[in-house]
Every structure is written in C-alpha cells, then in structure tokens.
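**Q** Before anything else, here's the structure in question.
The values are calculated or read from the model by the stated rules, or taken from the named source; none is laboratory data. Computed from a predicted model, the values in this text were never measured in an experiment. Using ideal geometry, Cβ is built from the backbone for each residue, glycine included, and neighbour counts are taken over all protein chains shown.
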Amino acid sequence: MLLIVAGMACGCRDADVKAIESKCDAPLRQQAEGMARAGETGAIEVLGRADGPIDAARMHRLAEAGADLSQVTDELFTARIPARRLGNVARLEFVKSLQLSQERGLLKP
Amino acid sequence: MGMWPRLFIVLAGFAVAGAATADALKSGARIEAGQLSARPATAAELKMDPGLRMAVERARESALRGLPLRSSPRFAALLGPASPFDLRLDDDARDPALSVFVRLESEQHAAGLTALGARVLVQRGELVLARIPLSRIEPVAEDAAVRALSLSRRWNAVLDSSRARLGVVDVQQGAGGLPQPYQGAGVIVGVLDSGIDYTHDDFRTPADKSRLKGLFDFSQGANGAECRVGQLDSLTCPEIDGSGAVGHGTHVTGIAAGNGRRNSIYVGMAPQADLLFVKGIRDAQSNGGFSDADIVNGVAWMLNRALVLGEPIVINLSLGGQFGAHDGTSLQEQFLDRFVGPGRIIVAAAGNEGRNPIHVSYVAQGTDYNSALESAWVLTGPVGVVDLWAPASTNMGVGIAVYNPSDPSAPVFISPTATAGQLRQVTAIANGTTIILGNLTIDALTTADPNNGARNVLVQVEQAPGGIDPATAIWSIYTTGSGTFDMWALAGSLFPTFSGAPAYFRPGDSDKTVGIPGTAKRILCVGSHVTKTQWVDIDGTLQTQPNATLDAISGFSSRGPSRDGRVLPNFTAAGEAIVSALSKDFPAERKNIALGGSYQKQQGTSQASPHVTGIVALMLQRDPALTPENARSILQQTAQAAGGGIPNNTFGYGRVRALAALQGTPDPLDCVTTLPGGALVRCDEAAAQPLALMAYPTPTTGSLRFRFVAPVRERVHLALYDLLGRRVRTLIDGVVEAGVQTPSWDGDDERGRSMPSGVYLAKLITPGATRSIRLVLAR
C-alpha cells in the first residue's frame, strides 16, 4: 500500500519512494500523491535543505533532477519541482529535507 | 462516551443569557449599576449618545439641587483631564454650550438648528458640528429633522497614543538624555505583506517623492515584477493593496514608518526611514495568503536591495500560520534565521490564536479506542487537518472516531490507528449505513523528521464523493500507546473545550499557539497588549474596542512557549484600536475609518509587530550594526514587566519601552578605524575626520559596514582585497553624493561565494586621497 501510494506520486522507482518517505514532509507527500491521483502534472513549490553548502555543481545536479531553483542560501534552497520528478530530487544524496511551501495568512483576529 | 449533551447544555446556557441582555437593550430600558428603579429613555434621549445623555442628565440634576455646574461633583467629573468628553465651560457659565456632532435627515435642515439655538461650526452634507447650549440640547434632539447627536470627545489619535505609551515620541524628540532625535533616518524598514497603497501621502516625502526605494509585487506575472523608484515617484507602478486583505499591508507599514504627511497626528514609529515593500500575495486584489517560498524569496530581495543601498534594514512579517513543528526548525524559519545578522533584523507577529483552542498536549495511554484518551475535533469546512509532533521515542498510535451530532452517545465510525511508519487512508462510512462521512488520511510515515528528529503525524479529513459535509459530523482524534505529544488543529478547525467533560476527554487550549515564523530562533516575536480602547470614527462617533482593557494582554494574542520550550512571545506592543494608513483600494466600514479619513482602525498582533519593527529601526539608526540577538536582549531587558513571573508565555518579558531601549542601545564601541597617519582609533573619535575609512564590527562574522564621509559629490572606488592583493569584491565604483556613506559587505565575493575566515584589506580611492583598512573575517 505504502509503495503504491508513494509510487503514484512520482511514477518511478522504489528508490524514489524510499527517498520521498524519508526526506519529504507529510504535506509534500500528500500534495504529490493528490496530484498524481488527479492526473495533474504541475510543479510543486518546495523548500529544501542539503547536507552542506550548495555550490555550482550541486545547483547543476538539482536542475538536472528537475528542480527550478529560486533562492539558495548556504545549504538551503527554494525551488519548483514537477510532481513526477520529486523522487529524482529526493534521491540526490546531498538533499536531506524537502518541505511543501505552506500558505501563511495575515494575522487578523 | 456520552459527553456531547453536556456540551450543548453549556452552550445553550450562554445563548439564553445573551438573548435576555439583548432584549433588555432593544427595549430602550436604562440599565445602570446600582440603580433600583428605571424609566424608559425618551425619544430625544435615544437620539443622544451616552456621553451627551450623561451631560444633560447631570446638568439637570445640578439644576434640581440648585448647584452651579462647576460645584456639582457629578457634572464636574465630566470636566476633568481624565474625562473623554470635550466639555468646556468657557462661555456662559449658567448655560454653557457644548460641541456636538449632529446628524440631520438631510443637509437642508441645518438652518433649523440655528433656529433652535445651535451655532453651526462646520457642515458636510447631513453631518454638522455645532455649539449647542446645554438647555437647548433636548429641544434640538426632539426636532424631527435631527437623527442623532454625539458629544465631541477629547481624544488622541490611537497611533499617536501608542507612540506615546510605548515611549516612541520621546525617542523621536531625542528626550531622556539621548544624544539626538531618532526617526529612522538612514535605515530601511522592509515590509512583506498584502500590498501597499504606495500613493498614500504618508509614504511620500515632503517633496512628493516616494519613500519606497523599491517594491516587488508577486501578483505581477508568473514570478512577480519589480517597480523601480521612478515608477513609484510618478505613481505608475500597477501594484495595489487590494480589498481582499482589508488594506493590511498599508496599515502595517503606516505603523512602522508612516510619516503623517496626510495627517500629522498619525505619525508612525520611524517616519524618516526609507522603505522597501514586497507584495507577497499572488493575487492583485490581495485575496489569499503567502507561500513560504515567496516569503523567503521576498525577504531575500529586500535584504539584497538594502545591501545595494548600503543601509541597515529591519523587516516586518505580520503573517504566519500553525502548520509546522513550532520549534523553529521549519525550512522557512531556518532561512530567515540564516538571513539575519548585524544590521539585518526581522520582526514577526506572534499570531492571533489566543482565544482559539487549537492545541492539545497530553500523555498518550491505552491500547485501543475504548482505553484511549481523545479530543473532540470540530471542522468548519469540508477539509480538516491536524499536525501532530512528538519526540522520536514516542510509541503511540493515532486514530479517528466520528460521532453523529444528533446522537453523540457512541461513535458511528472508528478508524484503526496509524503507528510509527504507517500510512492509513480509508473512507469512513457510518456503521450499518451507506452514509459516507469522509476520506481520512493518517500519515505517520515520518518517524524522524530530517530537521528536528521528531515524529510527525498528519491527519486529514476531506469530503468524499457522494459523502456528507464533514463539518456536519463530530470528529475525534484518539491516541494509544505512550509518550507526550503536541497537536494543532488547522484549516479553521478547533479542539473544543467545555466544563464537566469526562476524564478521557482532553480539551484544547491556546498554549503553544505562537505561529510560524514567530517560533524562529533568531527573529523577534511580538505579542499584543492594549494601549487604547476607543477611537473616533469618520462620523465623529466614539467607538469602543470590544473586550479590551488598558495595558492588558489582547485576548487574541497567541501564547507560548515554542514546542522546544522557549518562552514566547519575546515581548508585547500595542495591537488594539490602532489607527494607521488606509489603502485607497479598500472600502473600510465607516466605523473603522478615523475622523478625517485616509486612516483606519485595525487590531491584531499584525499591528503590534510593526510597532517593534519601527522601534528597531530607531535602534538601528543609533547602532547600524546592531545584531538581532542584541536588539532582542535590549528590548527584553528594558520592557515593562507584565503578566506575573518574568518571562512568561503571555507577555514574554513585558511591554516594550522604546525610550529605555534606545537608552540601552550602545554606541558601536566595537567600531575601529585608522586615521590617515595610521593610528587606530574608535570610530566616534574619528567621526569628524574627513575621508577616514571605518569598518565595524571587526572582527566580523560576515556582515560588515563601512563608513566614510565624502566631502563633496565625487567619484569613489571602494573594494576589498585578500592578502595576496587579489580583488575580492568591489563595493562602490561610481559617483557618490556628498555626505556620510555606509556601504556594507556580506562576506561574499563578486560571484556570491562566501569568503573564508582571514584578513582582508579594504581600499577607498577618491580623487584626493587613498585610504585602506585591514579587516578580520571570522566565520
């Protein structure tokens, strides 16, 4: 059940599934799965953390894996990733964490 | 599990009491404390506001007793400095006139007022300000052409009031032994919010140029667009603060840095600061919220602009949410913590969940539903979400039960639990029926979150195809196993609380409701307290802020601590009945528009946060290299203690006091420089030396500010070199205006790479001289 669900999110391999489970937060997993169920192929906005500074070589690898980077600060980054390529990015050995970009609200009582 | 009937009885009791009060009020009966007899108000009295009624009645009482008005204690009480009424006996002591706002049936009836003895001072349509002798108030009120009368109040503008109560007025005037007035000059106030009415006079200079040094608008195009200074000056930037967000960003910015150009009463905290703004909502009309990624990218944009402008910056974030670990480890918060440093400070609102039971924490127990503890969960829409966090060592299962509101004595559905590493996805169907209650997800896959090592469980309920609206059922979350956890109800849902609940029922509370990014570790987190309880609206009517007591915590202000045990908020500032700039694109209710227009009243920790943002701007003017840790420490140490033991999770360290904070902000004594002859001296000793090149702090961890004085407008080259003479970074290569220049270096080279620790050389070349200084970068 678990592999099927996670596999739907990226349409790919067991290694991707394991990477998604261990590195993506639950909202990101659910978002990817929901998009897969609905047949949506759009990109998901994420925030990510690597195991060390993201240099040009790592930027290149992230881009190759499908991440469209916006902001990079040391080991942190923001990016848009097509849902079906989430597993590619999660599988990169230097990527430690991926979180769904949540929506925050104005603070009106 | 028959707890529901008791809940309904308790709620029904509140409803009955409220109805009785409302009926009494509708009848027009007088209800006064200690009064044994009551008479109905006359038709004329019902047209008067309470203040005017009080004045007329007390004058009548004085006359009955034969007392002159000044000698009547009850009337004289209305004349004192503490009275909110603008009551002056300065003309006819026997029959003094009062200033009264009169609303007529139509503007043609003003002449009739004069005939009744009133002196019309100002008329705008059907609204008239008049002086009316006390003896003529009732005849005027009895006139059919008069709809309402309201006594003119003695009032202070609320923003002005909060400036005074927080001590900002003293700072702006340079009182209290400060070496100079501080109004934010040379400092940038950055705001990321719903939008800004950048055309508002308060965001323009006396020369009618924009005070904004740049504006980024995420609602323009796919990835946002920037408005440059020229567009802002010429009012051709397409950005607006649309009605979807009630003019939030305009209001917030006005508090932090409005200059009161439209109305000098409403000056903000740092009226001479430069401004940067990011419209962080991707809808032109400002509907919706802010994406974490856009917050990060928007803040980064402001920091980069500040670097280019060479000014320290404080950024306000009056936004937030409850999704996340509440321990400062969300990636958004890690980003923000990484961004700040000397001369770069972020202030965030604590949140407005202080009255909402959205949090539950207890020790799990039991092996199945019957032996478990549970919390009722009320949804307000077709989707409900709960975010649960616990130590990785916790051994617990999470399940869902559903009750029928018409017979809540036993659940109609019980899900199996999800334990560590499990994912449950089921469609809930009521026992023995075909009623589809909803699609449930319990995602317990995260056994050790990569950012904090904690367990995380996401619970989600959604309406199923052909199913009922989940909000019409009563949901419950039950836990088995062992271990302490915290969970937050999201998407408008609540964990209701009520008295007399059985022991297995765990009600919600508002602890740990400081939101994200308020729980970040290096940003300043602000709660709200009350500095004003009333304001005068555009019609001259005195309005009262509900449930507000002077100096008390605002009921809505979120409570700490963070999940990792840090006391939050750090401190509180003014957040109720705050009057600030009104966006031209938001049609505010008249009762919320301040007398004179162009400003509106709002409340929230959203309003408290920019008060602190503005105060930090004043502190940065005094010490441009102030760190966020020092700013927080100074504001905490100088706050007015409140809320019991200090610190506490309601007020933090107490109410901020701007003057004390500025007095506690040291001059940058760690600033050193070399004089032309090579002597090493303190910056303050060298400040008068033209062309002295200063750098501070040194050693630096990667955020360093230079200071030099250009005696005339001239070409300047300032660059950094390593000890091998290789150029690392060019900071200035062009013409600068005469005056103090304060460029910054972030520790990066030309390509944005962080430079390693070591000694570097900064060289300043002008047409008349060359100066250099050694720097130590210590990462």
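**Q** Is at least one residue of the range B:509-526 under 24 Å from residue B:495 (Cα atoms), assigned to a loop (DSSP other than H, G, I, E, B) and more than 14 Å from chain A (Cβ to nearest Cβ)?
**A** We begin by selecting, within the range B:509-526, every residue under 24 Å from residue B:495 (Cα atoms); these are B:509-519.
Within this subset, residues satisfying the condition of being assigned to a loop (DSSP other than H, G, I, E, B) are B:510-515, B:517-519.
Retained after the next criterion (residues that are more than 14 Å from chain A (Cβ to nearest Cβ)): B:511-512.
Checked against the condition, which is being under 24 Å from residue B:495 (Cα atoms), assigned to a loop (DSSP other than H, G, I, E, B) and more than 14 Å from chain A (Cβ to nearest Cβ), the range B:509-526 yields at least one hit.
**Q** Tell me, which residue of the range B:349-365 that is assigned to a strand (DSSP E or B) and out of contact with any helix residue (DSSP H, G or I) (no Cβ under 6 Å at 6 or more places or on another chain) is nearest to the other protein chains (Cβ to nearest Cβ)? Outline the logic, then answer.
**A** Here is the first cut: in the range B:349-365, the residues assigned to a strand (DSSP E or B) are B:349, B:359-364.
Retained after the next criterion (residues that are out of contact with any helix residue (DSSP H, G or I) (no Cβ under 6 Å at 6 or more places or on another chain)): B:359-364.
On the way: B:359: 17, B:360: 18, B:361: 19, B:362: 22, B:363: 23, B:364: 19 Å.
Checking each candidate, the answer is B:359.
**Q** Residue B:304 passes all but one of (1) touching a residue at least 24 places away in the same chain (Cβ under 8 Å); (2) surrounded by fewer than 24 Cβ atoms within 10 Å (Cβ to Cβ); which number fails?
**A** (1)
**Q** While we're looking at this one, here's another question. Assess whether residue B:299 counts as being within 12 Å of another protein chain (Cβ to nearest Cβ), buried (at least 24 other Cβ atoms within 10 Å of the Cβ), within 15 Å of residue B:189 (Cα to Cα) and within 18 Å of the chain's Cα centre (by Cα). Show your work before the answer.
**A** Values: within 12 Å of another protein chain (Cβ to nearest Cβ): yes; buried (at least 24 other Cβ atoms within 10 Å of the Cβ): yes; within 15 Å of residue B:189 (Cα to Cα): yes; within 18 Å of the chain's Cα centre (by Cα): yes.
Yes.
**Q** Can you tell me which of (1) surrounded by fewer than 22 Cβ atoms within 10 Å (Cβ to Cβ); (2) charged (D, E, K, R); (3) within 19 Å of the chain's Cα centre (by Cα) is the one residue B:601 doesn't meet?
**A** Of the numbered conditions (1) surrounded by fewer than 22 Cβ atoms within 10 Å (Cβ to Cβ); (2) charged (D, E, K, R); (3) within 19 Å of the chain's Cα centre (by Cα), the odd one out for residue B:601 is (1).
**Q** Check the range A:57-73 and report whether any residue there is over 8 Å from the mean Cα position of the chain (by Cα), more than 9 Å from every other protein chain (Cβ to nearest Cβ), assigned to a loop (DSSP other than H, G, I, E, B) and on the phi > 0 side of the Ramachandran plot.
**A** Within the range A:57-73, one or more residues are over 8 Å from the mean Cα position of the chain (by Cα), more than 9 Å from every other protein chain (Cβ to nearest Cβ), assigned to a loop (DSSP other than H, G, I, E, B) and on the phi > 0 side of the Ramachandran plot.
**Q** Which of the residues spanning the range B:590-625 are away from every other protein chain (no Cβ under 14 Å) and under 13 Å from residue B:536 (Cα atoms)?
**A** B:590, B:591, B:593, B:594, B:595, B:596, B:597, B:599
**Q** Quick check on my filter: what residues within the range B:380-395 are away from chain A (no Cβ under 13 Å) and surrounded by 23 or more Cβ atoms within 10 Å (Cβ to Cβ)? Give the steps one after another, and end with the answer.
**A** First, the residues of the range B:380-395 that are away from chain A (no Cβ under 13 Å): B:380-382, B:384, B:390-395.
Within the range B:380-395, B:384, B:390 meet the criteria.
**Q** With (1) surrounded by fewer than 20 Cβ atoms within 10 Å (Cβ to Cβ); (2) touching a strand residue (DSSP E or B) at 6+ places or on another chain (Cβ under 7 Å); (3) β-branched (Val, Ile, Thr) as the list, and residue B:236 as the residue in question, which single condition is left unmet?
**A** All conditions are met except number (2).
Yes or no, residue by residue, for (1) in a strand (DSSP E or B); (2) closer than 30 Å to residue B:403 by Cβ; (3) not assigned by TED's automatic domain parsing to the domain that holds residue B:451:
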site: B:307; (1), (2), (3): no, no, yes
site: B:338; (1), (2), (3): no, no, yes
site: B:367; (1), (2), (3): no, yes, no
site: B:386; (1), (2), (3): yes, yes, no
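**Q** Show me the strands (runs of 3 or more DSSP E) entirely contained within the range B:156-232 in which 3 or more residues are crowded, with 20+ Cβ neighbours inside 10 Å. Outline the logic, then answer.
**A** On the way: elements: B:188-193, B:212-217, B:225-227.
Passing ranges, in order: B:188-193, B:212-217.
**Q** Given the conditions (1) over 18 Å from residue B:636 (Cβ atoms); (2) touching a Pro at 6+ places or on another chain (Cβ under 9 Å); (3) crowded, with 23+ Cβ neighbours inside 10 Å, which single one is not true for residue B:498?
**A** Just one mismatch for residue B:498, condition (3).
**Q** Could you please tell me which pairs satisfy a Cβ distance under 9 Å, a separation of 6+ or placement on different chains, a first residue in the range A:82-109 that is without any contact (Cβ under 8 Å) to a residue 60 or more places away in the chain and at the interface with chain B (Cβ under 7 Å from one of its Cβ atoms), and a second residue that is surrounded by 18 or more Cβ atoms within 10 Å (Cβ to Cβ) and of a type in the set (D, E, K, R)?
**A** That search, which allows pairs on different chains as well, returns A:101/A:45; A:101/B:292; A:101/B:294; A:103/B:292; A:104/B:292; A:106/B:193.
**Q** Is it true that residue B:207 is assigned by TED's automatic domain parsing to the domain that holds residue B:275, more than 27 Å from residue B:264 (Cβ to Cβ) and among the aliphatic types (A, V, I, L, M)? So that I can check it myself, show each step before the final result.
**A** Numbers: assigned by TED's automatic domain parsing to the domain that holds residue B:275: yes; more than 27 Å from residue B:264 (Cβ to Cβ): no; among the aliphatic types (A, V, I, L, M): yes.
So residue B:207 does not fit the description; no.
**Q** Moving to a separate point now. Can you spot a residue in the range B:578-592 that is in contact with a strand residue (DSSP E or B) (Cβ under 7 Å, 6 or more places away or on another chain), part of a loop (DSSP other than H, G, I, E, B) and buried (at least 24 other Cβ atoms within 10 Å of the Cβ)?
**A** At the first step, the residues of the range B:578-592 found to be in contact with a strand residue (DSSP E or B) (Cβ under 7 Å, 6 or more places away or on another chain) are B:578-582, B:588, B:590-592.
Retained after the next criterion (residues that are part of a loop (DSSP other than H, G, I, E, B)): B:582, B:588.
Going one step further and asking which of them are buried (at least 24 other Cβ atoms within 10 Å of the Cβ), we end up with B:582.
So far as the range B:578-592 goes, yes, one or more of its residues are in contact with a strand residue (DSSP E or B) (Cβ under 7 Å, 6 or more places away or on another chain), part of a loop (DSSP other than H, G, I, E, B) and buried (at least 24 other Cβ atoms within 10 Å of the Cβ).
**Q** Residues B:288, B:320, B:328, B:260: which one is part of a loop (DSSP other than H, G, I, E, B), under 30 Å from residue B:391 (Cα atoms) and either within 14 Å of chain A (Cβ to nearest Cβ) or in contact (Cβ under 8 Å) with a residue 24 or more places away in the chain (or both)?
**A** On the way: B:288 fails: under 30 Å from residue B:391 (Cα atoms); B:320 fails: part of a loop (DSSP other than H, G, I, E, B); B:260 fails: under 30 Å from residue B:391 (Cα atoms).
After ruling out the rest, the residue left standing is B:328.
**Q** Name the residues in the range A:24-43 that are surrounded by 22 or more Cβ atoms within 10 Å (Cβ to Cβ) and within 10 Å of the chain's Cα centre (by Cα), would you? Lay out the reasoning, then the answer.
**A** Step one: list which residues in the range A:24-43 are surrounded by 22 or more Cβ atoms within 10 Å (Cβ to Cβ), which gives A:24-26, A:28-29, A:32-33.
Correct list: A:24, A:25, A:28, A:29, A:32.
**Q** I would also like to ask the following. Go through the range B:130-151 and give me each residue that's modelled with pLDDT under 85 and touching a Gly at 6+ places or on another chain (Cβ under 7 Å).
**A** Across the range B:130-151, the qualifying residues are B:150, B:151.
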